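Visitor: Encoded as structure tokens, here's the structure I'll be asking about.
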Amino acid sequence: MIGKRLRISVKWRWTFVCACILISNLASSAFAIVSITDTAGAGSDFNASYRDLTKQLLLIGIDCEKFSLNYRLESLREPSTKRLRYFLGQEAAASGLMAGAIVDTDQFNKALTNPLNFSPRARQRGNTAVFLGNIIGGSSSLLELASNGLHALKDRRLGFDRKRATQYLVTRTRRFDLLLAERARLLESRSGNARESDLYKAETKVLTALRELIVYEHCRFEMGKTGFRASENIFYGLNVATNAVGATASEFAVKAVKTRKFGGTAGGLSVVAFSMTMASPIVSATGGAMAKKLAAPRMSQELAKVDDYDLAALKSSVQQLQTLVAPNPDKGRTDPAQALLDVYGVNDDIISRQVDSETIWLRRLSQVAVQNTVLAQLIGGAGVARGTLGLVSYYHYSQQPRPALYRAYAGAIAGTAGASLAVGATALGMLADSYYIHHLKSEKRLPEQLLQERIKDLNEVETRVKAL
């Protein structure tokens, strides 16, 4: 079930930490420069304009980060009963398949000993259980597909759909660019000492990096979200189709108990259904990757997308700025900036825990995705073997009852093994995921918890910046 949660690049997560470093150092450098110029007793108009422009730029950066956090939070949010209801639906479907396979195994075994022990009614009931299991499984996936549609409508109503989120960011980054250009013109009119000049250059680099980071962060997340949603919806859609074919196959199998001519159709549809089971996770993963790739040109058209981000260069710029921002003897001037740095210093632990938690979460998602793909091959392969042996029994040994029964019996055993694996793996997966989520939640390391904590802290940071 964790495999159905949003996948986002681990590399992208580190940009979150960089944004915090950028904002805190920008605030510090801004007030360090003001302190220098005020001590010299000159440029009061320059100082006021410089302070105001830097403050506005920092507030835009905080605003964009808060919007990004809320955007992620809404994307990660899902109905509280989603995991449980999907588990119950898929477990019921697997149980129906297992019940039918067990009945077939038992009946074919009895027929091999004594054909008179064969019970057509028992076989009909077994195939009916398979039919009901397929209906429940398909309905379960259809419900989740509809739930995703409702989630998308809710996001649109809240202003968190792709189009409006991008428009909001475009508006804010354009305002950021205008303020950055205005600040550059202001600095051009200022002739200061060497330290001031170095600070201006270093701060401009970091401000430019902050603007690029805002765009990069949004684009990476939006592309990841697009790919994940596409993959998830494709999987649900294929699961509905697979169960529809399986239900049709079991319906023909019920008829074939009394009318033998339906046996070939039942076996053929069964092979198709289990082949789709094997292909579904591969097709959905491929579709998600393609959707993510196709989202890149669209993002480039809507927003000046940054294809990649040089984190090493960013780190170097930040370190240069940190070196230039030396402690100032005038505590009255540096205290506001130091207070802002203190707030981010406290948050370093929160940010580190978030990156660590989400990195572990992403590794877990990858493991679950691989496990689901492998299990699908085993479960689907067993089903294909069962259907194939049924077809061989029906067409090749139609005039030889005992060889036909042996092959049908072998197919039933394979089907029982596959269905049992599906039941067991679904239950164990649910238990493992529940324990894992409970463990993270108890330590307050769930991505949703850390995002909410970060939003709360950013509100405090914003209040401090406004007061500077």
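The values are calculated or read from the model by the stated rules, or taken from the named source; none is laboratory data. Keep in mind the model is a prediction, meaning the values are calculated, not measured. So basically every Cβ, Gly included, is an ideal-geometry build from the backbone, and we count neighbours across all protein chains shown.
Quick grid of which residues meet (1) small (Gly, Ala, Ser); (2) crowded, with 21+ Cβ neighbours inside 10 Å; (3) over 18 Å from the mean Cα position of the chain (by Cα):
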{"site": "Asn233", "(1), (2), (3)": "no, no, no"}
{"site": "Ala244", "(1), (2), (3)": "yes, no, yes"}
{"site": "Lys255", "(1), (2), (3)": "no, no, yes"}
{"site": "Arg260", "(1), (2), (3)": "no, no, yes"}
{"site": "Ser275", "(1), (2), (3)": "yes, no, yes"}
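Each row is one residue, and each column tells you yes or no for (1) assigned to a helix (DSSP H, G or I); (2) in contact (Cβ under 8 Å) with a residue 24 or more places away in the chain; (3) surrounded by fewer than 19 Cβ atoms within 10 Å (Cβ to Cβ); (4) not aromatic (Phe, Trp, Tyr).
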| site | (1), (2), (3), (4) |
| --- | --- |
| Gln56 | yes, yes, yes, yes |
| Gly61 | yes, yes, no, yes |
| Asn70 | yes, yes, yes, yes |
| Tyr86 | yes, yes, no, no |
| Gln90 | yes, yes, no, yes |
| Asp104 | yes, yes, no, yes |
| Phe108 | yes, yes, no, no |
| Leu112 | yes, yes, yes, yes |
| Arg123 | yes, yes, no, yes |
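Visitor: Which residue out of Arg333, Arg260 is at pLDDT 70 or above, out of contact with any Pro (no Cβ under 6 Å at 6 or more places or on another chain) and not hydrophobic (A, V, I, L, M, F, W, C)?
Guide: Numbers: Arg333 fails: at pLDDT 70 or above.
It is Arg260.
Visitor: Could we say that Lys225 is assigned to a helix (DSSP H, G or I) and modelled with pLDDT under 80 here?
Guide: On the way: assigned to a helix (DSSP H, G or I): yes; modelled with pLDDT under 80: no.
So Lys225 does not fit the description; no.
Visitor: Follow-up question, since we're still on this one. Which of the residues spanning the stretch 72-82 are crowded, with 16+ Cβ neighbours inside 10 Å and more than 22 Å from Arg220 (Cβ to Cβ)?
Guide: Matches in the stretch 72-82: Lys82 only.
Visitor: Related question: Quick check on the stretch 103-118. Is at least one of its residues under 30 Å from Gly418 (Cα atoms), of a type in the set (Ser, Thr, Tyr) and modelled with pLDDT under 85? Walk me through how you get there before you give the answer.
Guide: The initial filter retains those residues of the stretch 103-118 that are under 30 Å from Gly418 (Cα atoms), namely 103-118.
Those left that are additionally of a type in the set (Ser, Thr, Tyr): 105, 113.
Then keep just the ones that are modelled with pLDDT under 85; that gives 113.
Yes, some residue in the stretch 103-118 is under 30 Å from Gly418 (Cα atoms), of a type in the set (Ser, Thr, Tyr) and modelled with pLDDT under 85.
Visitor: Can you tell me how many residues in the stretch 218-231 are surrounded by 22 or more Cβ atoms within 10 Å (Cβ to Cβ) and in contact with a Leu (Cβ under 6 Å, 6 or more places away or on another chain)?
Guide: 1
Visitor: Which members of the stretch 57-80 meet the condition of being under 23 Å from the mean Cα position of the chain (by Cα) and charged (D, E, K, R)?
Guide: Initially, the stretch 57-80 is screened for residues under 23 Å from the mean Cα position of the chain (by Cα), giving 64-80.
Glu65, Lys66, Arg72, Glu74, Arg77, Glu78 - these are the residues of the stretch 57-80 that are under 23 Å from the mean Cα position of the chain (by Cα) and charged (D, E, K, R).
Visitor: Looking at the stretch 185-196 only, could you name the residues that are loosely packed, with under 14 Cβ neighbours inside 10 Å and at pLDDT 75 or above? Don't jump to the end; show me each part of the working.
Guide: Kept after step one, since they are loosely packed, with under 14 Cβ neighbours inside 10 Å, are these residues of the stretch 185-196: 185, 188-189, 191, 193-195.
Those that are loosely packed, with under 14 Cβ neighbours inside 10 Å and at pLDDT 75 or above: Arg185, Glu188, Ser189.
Visitor: Of the numbered conditions (1) farther than 30 Å from Val245 by Cα; (2) surrounded by fewer than 17 Cβ atoms within 10 Å (Cβ to Cβ); (3) free of Cβ contacts under 8 Å to residues at least 60 places away in the same chain, Arg211 fails exactly one; give the number of that condition.
Guide: The failed condition is (2).
Visitor: Here's a follow-up. Please go through (1) at pLDDT below 85; (2) under 21 Å from Asn109 (Cβ atoms) for Thr373 and return the number of the only condition it doesn't satisfy.
Guide: Checking Thr373 against (1) at pLDDT below 85; (2) under 21 Å from Asn109 (Cβ atoms), the one that fails is (2).
Visitor: Of the residues Ala296, Ala241, which single one is under 30 Å from Cys64 (Cα atoms) and either assigned to a helix (DSSP H, G or I) or touching a Lys or Arg at 6+ places or on another chain (Cβ under 8 Å) (or both)?
Guide: Ala296
Visitor: Mind checking which pairs have a first residue in the stretch 146-168 that is within 12 Å of Glu222 (Cβ to Cβ) and without any contact (Cβ under 8 Å) to a residue 40 or more places away in the chain and a second that is among the aliphatic types (A, V, I, L, M) and assigned to a helix (DSSP H, G or I), Cβ under 8 Å, 6 or more apart or different chains?
Guide: Pairs found: Asp161/Ala152.
Visitor: If you check every pair at least six apart or on different chains, which have Cβ atoms under 8 Å apart with a residue in the stretch 387-407 that is of a type in the set (D, E, K, R) first and a residue that is at pLDDT 85 or above and surrounded by fewer than 19 Cβ atoms within 10 Å (Cβ to Cβ) second?
Guide: Note: pairs meeting the criteria are Arg402/Leu112; Arg407/Val392.
Visitor: For residues that are in contact with a Phe, Trp or Tyr (Cβ under 9 Å, 6 or more places away or on another chain) and aromatic (Phe, Trp, Tyr), scanning just the stretch 213-238, find the one that is farthest from Arg162 (Cα to Cα).
Guide: Looking at the filtered set, the residue picked out is Tyr216.
Visitor: Tell me which residues, restricted to the stretch 244-261, are among the basic types (Lys, Arg) and assigned to a helix (DSSP H, G or I). Give the derivation first.
Guide: Within the stretch 244-261, the first condition is being among the basic types (Lys, Arg), and the residues that meet it are 255, 258, 260-261.
Listed by number, the residues that qualify are Lys255, Arg260, Lys261.
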